[in-house]
Amino acid sequence: MGIAITLAVLGIIALVIGLVVTRGLQMKQLLEDGIDIDGKVIRQFKHNPKTGSLSTDHFLRYSYRDSAGQEHEYKSNVNRDFWAAHPEGSAIAITYSKSKPAISAPRFLVDAARKAMAKKKP
């Protein structure tokens, strides 16, 4: 039983690392060839990571059309204030990748990444 628990924990850790790396690569893609547009919030929701937790994750699901007219949807974890300012049906400023239009993020997150990268350059 001890080995099963250890393997389960290692599997969860690997999954989390994989998600972080994937999102980091997506953000890099957005910084390289991102196109700024407005999308539409189609759903707001909250999630408590675990029962009794004091923190709540706030999510927005939004849709947008790329330059070819293809519609895409994406779910993003955002801060409470941004979530509250973007009710369902409202416009949301986003950035999507020109070369991979299914990759997107709220523009404020991409702008924050741009700012952080600018600080790293000598």
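The values are calculated or read from the model by the stated rules, or taken from the named source; none is laboratory data. Treat the numbers as computed from the prediction; the structure is a model and nothing was measured. Glycine also receives a Cβ, built like all others from the backbone with ideal geometry; neighbour counts cover every protein chain displayed. Accessible surface areas use protein heavy atoms only, side chains included; no ligands, DNA or RNA. Shrake-Rupley method; radii C 1.70, N 1.55, O 1.52, S 1.80 Å.
Accessible surface area normalised per residue over the chain is 68 Å², counting heavy atoms of protein chains with a 1.4 Å rolling probe. Between helix 107-120 and the chain there is an angle of about 80 degrees, using the helix long axis and the longest principal axis of the Cα atoms.
Within the listed set A93, A112, A102, the Gaussian network model of the chain (springs between alpha-carbon atoms below 10 Å) gives the highest mean-square fluctuation for A112.
In a simple Cβ point-charge model (Lys, Arg +1; Asp, Glu -1; nothing else charged), the chain has a dipole of about 360 debye relative to its Cα centre.
Not counting the cut sites, what is the longest span of the chain without trypsin sites (Lys or Arg not before Pro) that DSSP labels loop and that have at most 16 other Cβ atoms within 10 Å? Walk me through the numbers before you get to the answer.
Values: sites that count: K50, K98.
That would be 1-49.
Label separation (A102 vs I42): 1.4 nm, computed from points 7 Å beyond Cα along the C-beta direction. Computing Kirkwood radius over Cα pairs in Å directly from the structure and comparing it against (1) 15.3; (2) 22.1; (3) 16.2 singles out (3). Counting protein heavy atoms only, the chain has 60 percent of its accessible area on carbon and sulfur, 1.4 angstrom probe. Estimated from helices alone, the mean residue ellipticity of the chain at 222 nm is -14000 deg cm²/dmol (sum of -39500 (n - 2.57) over DSSP H runs with n ≥ 4, per residue).
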